[in-house]
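Worksheet for the structure shown next.
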Amino acid sequence: MKIMWTYIVAGLTIFGLMLLVGIGLRASQAGWIPIDTGTFYSLLSLHGVGMITAMAIAGLGLLWYLVDREIHLDERVAMLAFAFFAIGVVVVIVSVVFGHYGALWTMLYPLPFVGTTWPSWATGAWLLGVAAVMLGFMLICAQILGAILRSSGGLGSALGLDYVFGRKAFEAAGKHPPSPQMLAATVVSIDGLIGGASGLLVGIAMIAHWLDPHVVIDPLWAKNLTYQFGHTFANLTMYMAVAGIYVALPICTKRAYHSSIPLVVAWWGTLVFVIIAYFHHLYMDFVQWPAVQYIGEISSYLAAVPVVVVTVFGGLMLIHRSGMKWTLGSMFFFAGMIGWIVGGSAAILDATIPFNVDLHNTLWVPAHFHTYLLEGVFLFILGWVFVSLEQRAEAASSALVRWIVGLGIFGGGALFLLSFYVAGAAGVPRRYAVEPAPGPFWAGIATVGALLVLVGVLAALVEGIRLARMRAVGSTV
Amino acid sequence: MGDGLLVLRIFFVVAAIAIAAMLFVALYGAKKPLPQSVVNDAGYRIRKLWLGLVLVVAVVAFALTVPFFPYPWAQASVGARHIEVTAAQYAFVMPAVLPADVPLVFDVTSQDVNHGFGIYAPDGTLFAQVQAMPDYINHLPIEFHVKGHYVVRCLEFCGIGHAYMHGGFDVR
């Protein structure tokens, strides 16, 4: 529990700080507060990498705990990984605050080496800081995967191959398939190591170029690796948090979520599609090998199948006519599934190549991933936190608190996201410190929505502290 | 091309249906709980149909979109006039006037970092785009049927002047 709470509290703290930065960025685009262009891109760099890291740290804390419940994991490894995260975060902050680095976190080579306005050491610090975060992430993935492989007897068993291809004999032998959360952990750790390796590879190449500018990198190779890493890392934050659905929703609904052949096969699909769907980031690179453009579209479509047919469908089957009480915890999980589906729908439209021409690198892109992260991953993490607190305190929140939190995070969130979608559909480019019309108008709407989200988050924070204190005072759990 | 608002409408419809369906499943009969086995019996039957529907929609959508891929190998551009475009922090070098109703191919490259070559039609909609990459040339086949001034904006983050990197041309 100590590891889980350390990771989740750290992740949510970074989330809160990055939320404030994000509000400032949208207010600046609305013309409400003055932020100069250089500072804007420094803050945007910090916001992007900070939010992804925050969700990854919190999600890993949850996943690590779920695996540790079934297979003992060494806490010292998790703390070592946490040290990598902490060092990485501090170095990245130094790079931005003192070095004014501002080339974002999925920078495409020859960025961040050409046309920079900051000192070279800031570029190096940024690269090394992100590399430290990646090492921490890969360390946890390696620990989880190693433990699962040891306990299950191999990759085939960990992925349920023997269960799917010989179910009768498997069950006759008294064996049980991997639990849903262990399947999630296996897939996240394998894909995490692959994505992390891509990130480290291109990162090392860039560090080599930073040390010796004569080292030349192919821009298309770098772009493929950068997006393979960036897309996989961002996407996996969802699958870390999703593991919480399999454990928390049964608590909320007093029902069981069992492994089944469709569930196992669905996770095989996720295992494959998460690492190849990134091709959709290179649709507008016409020199890319033609076959992967087709693969990018169909794999992006098929990546949705495990989500809508198995996990969310299964989650809804748990909730349907279960008599589940609408606490903050269950609300967050249900709303998180909605956010996942809505954000995923926007992502699929963007992954449709003829539509991508109209949406690529417009505000539609942050629209879909903010939906996915803010109204999906973040809500699953909050859901896990609140289900845990409600269980320990044996108490729930009042209707008034639920309305305040709901209106803030869901209502404000909808307003905030709507502005992204509408401006993106109108062709307003992303990553513009100063946007063309109608960008500034919608940035103003977004700022109001984000402030409402902040109110909801603060209300949830106060309520979370209240529930935690109730446990400390009265619970014997 | 220029279909951003169409995509937005599709998205609103899909999102509304998804949210309504999920709320219905969660709230319908909520005060009359059923045993999980009863829900599962019906749920698993529906899931088989749902899986079939999702797969059919995915495959059909893929097949329907392939003819509209914007790539040079997917679009007929034999005999087209080639237009060189060179991007560099923070400007585009390209002709100021282009002909209407003539097949064109933009040969787009970059002198420094990655840029995006985004063409906005006279009505302000995003009409076409391709990446401008150093060491590579991307070929964008296109034919303009609407005369007027087209604005070009950078659609890939390229540095501190990214938001100010724009150009344009007239189609006559």
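The values are calculated or read from the model by the stated rules, or taken from the named source; none is laboratory data. Note that the coordinates shown come from a computational prediction; the quantities given were computed from them, not determined experimentally. Don't worry about glycine lacking a Cβ; one is built from the backbone with ideal geometry, like all the others, and counts go over all protein chains shown.
Which ones in the range A:343-361 are touching a helix residue (DSSP H, G or I) at 6+ places or on another chain (Cβ under 7 Å), under 21 Å from A:Pro438 (Cα atoms) and facing chain B (nearest Cβ under 7 Å)?
Those that are touching a helix residue (DSSP H, G or I) at 6+ places or on another chain (Cβ under 7 Å), under 21 Å from A:Pro438 (Cα atoms) and facing chain B (nearest Cβ under 7 Å): A:Ala346, A:Phe355, A:Asp358, A:Leu359.
Of everything in the range A:370-408 that's aliphatic (A, V, I, L, M) and in contact with an Asp or Glu (Cβ under 8 Å, 6 or more places away or on another chain), which residue is farthest from A:Met240 (Cα to Cα)?
Restricting to residues being aliphatic (A, V, I, L, M) and in contact with an Asp or Glu (Cβ under 8 Å, 6 or more places away or on another chain), the top hit is A:Val401.
Regarding the range A:392-406, can at least one residue be identified that is closer than 30 Å to A:Asn356 by Cα and either away from every other protein chain (no Cβ under 14 Å) or more than 21 Å from the chain's Cα centre (by Cα) (or both)? Steps first, answer last, please.
Residues of the range A:392-406 that are closer than 30 Å to A:Asn356 by Cα, as a first pass: none.
Looking for residues that are closer than 30 Å to A:Asn356 by Cα and either away from every other protein chain (no Cβ under 14 Å) or more than 21 Å from the chain's Cα centre (by Cα) (or both), one finds none in the range A:392-406, hence no.
Show me the helices (runs of 4 or more DSSP H) entirely contained within the range A:79-166 in which 2 or more residues are hydroxyl-bearing (Ser, Thr, Tyr).
The helices (runs of 4 or more DSSP H) meeting that bar are A:120-152.
Considering only residues that are in contact (Cβ under 8 Å) with a residue 60 or more places away in the chain and more than 9 Å from every other protein chain (Cβ to nearest Cβ), which ones fall in the range B:144-164?
Scanning the range B:144-164 gives a single hit, B:Val152.
Among the residues of the range A:1-10, is there at least one that is at pLDDT 95 or above, part of a helix (DSSP H, G or I) and within 19 Å of A:Val130 (Cα to Cα)?
Yes, the conditions are met somewhere in the range A:1-10.
I'm trying to understand the selection: among the residues of the range A:287-322, which are surrounded by fewer than 22 Cβ atoms within 10 Å (Cβ to Cβ), of a type in the set (Ser, Thr, Tyr) and more than 9 Å from chain B (Cβ to nearest Cβ)?
If the condition is that a residue be surrounded by fewer than 22 Cβ atoms within 10 Å (Cβ to Cβ), of a type in the set (Ser, Thr, Tyr) and more than 9 Å from chain B (Cβ to nearest Cβ), then A:Ser299 is the only one that fits.
If you go through the range A:306-339, how many residues are part of a helix (DSSP H, G or I) and without any contact (Cβ under 8 Å) to a residue 40 or more places away in the chain?
Adding up the residues that qualify gives 8.
Pick from the range A:249-287 the residues that are touching a Lys or Arg at 6+ places or on another chain (Cβ under 9 Å) and touching a residue at least 60 places away in the same chain (Cβ under 8 Å): which of them is nearest to A:Ser322 (Cα to Cα)?
Kept after step one, since they are touching a Lys or Arg at 6+ places or on another chain (Cβ under 9 Å), are these residues of the range A:249-287: A:249, A:252, A:261-262, A:281-282, A:285.
Restricting the remaining residues to those that are touching a residue at least 60 places away in the same chain (Cβ under 8 Å) gives A:249, A:252, A:261, A:285.
Working: A:Leu249: 11, A:Cys252: 9, A:Ile261: 24, A:Asp285: 49 Å.
Per the criteria, the residue is A:Cys252.
When you scan the range B:65-82, how many residues do you find that are of a type in the set (Ser, Thr, Tyr) and within 9 Å of chain A (Cβ to nearest Cβ)?
Adding up the residues that qualify gives 2.
Picking from A:Val305, A:Val342, which residue would you name as being modelled with pLDDT under 95 and under 22 Å from B:Leu49 (Cα atoms)? Show your work before the answer.
Working: A:Val342 fails: modelled with pLDDT under 95.
Matching residue, one of A:Val305, A:Val342: A:Val305.
Table: residues versus (1) buried (at least 19 other Cβ atoms within 10 Å of the Cβ); (2) within 9 Å of another protein chain (Cβ to nearest Cβ); (3) in contact (Cβ under 8 Å) with a residue 12 or more places away in the chain; (4) among the β-branched types (Val, Ile, Thr).
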| residue | (1), (2), (3), (4) |
| --- | --- |
| B:Ala63 | no, no, no, no |
| B:Glu84 | no, no, yes, no |
| B:Ala87 | yes, no, yes, no |
| B:Val97 | no, no, yes, yes |
| B:Val113 | yes, yes, yes, yes |
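Among the residues of the range A:195-216 satisfying the criterion of being surrounded by fewer than 18 Cβ atoms within 10 Å (Cβ to Cβ) and of a type in the set (A, V, I, L, M), which is nearest to A:Leu135 (Cα to Cα)?
Of the residues in the range A:195-216, the ones surrounded by fewer than 18 Cβ atoms within 10 Å (Cβ to Cβ) are A:197, A:201, A:204, A:207-208, A:211-216.
After this cut, where a residue has to be of a type in the set (A, V, I, L, M) as well, the list is A:197, A:201, A:204, A:207-208, A:211, A:215-216.
On the way: A:Ala197: 9, A:Leu201: 12, A:Ile204: 12, A:Ile207: 15, A:Ala208: 18, A:Leu211: 20, A:Val215: 23, A:Val216: 24 Å.
My answer is A:Ala197.
Tell me, please, whether a residue that is assigned to a helix (DSSP H, G or I), within 9 Å of another protein chain (Cβ to nearest Cβ) and at pLDDT 95 or above can be found in the range A:251-259.
Initially, the range A:251-259 is screened for residues assigned to a helix (DSSP H, G or I), giving A:251-253.
Of the ones still in play, those that are also within 9 Å of another protein chain (Cβ to nearest Cβ) are A:253.
Add one more test, that the residue is at pLDDT 95 or above, and what stays is A:253.
So far as the range A:251-259 goes, yes, one or more of its residues are assigned to a helix (DSSP H, G or I), within 9 Å of another protein chain (Cβ to nearest Cβ) and at pLDDT 95 or above.
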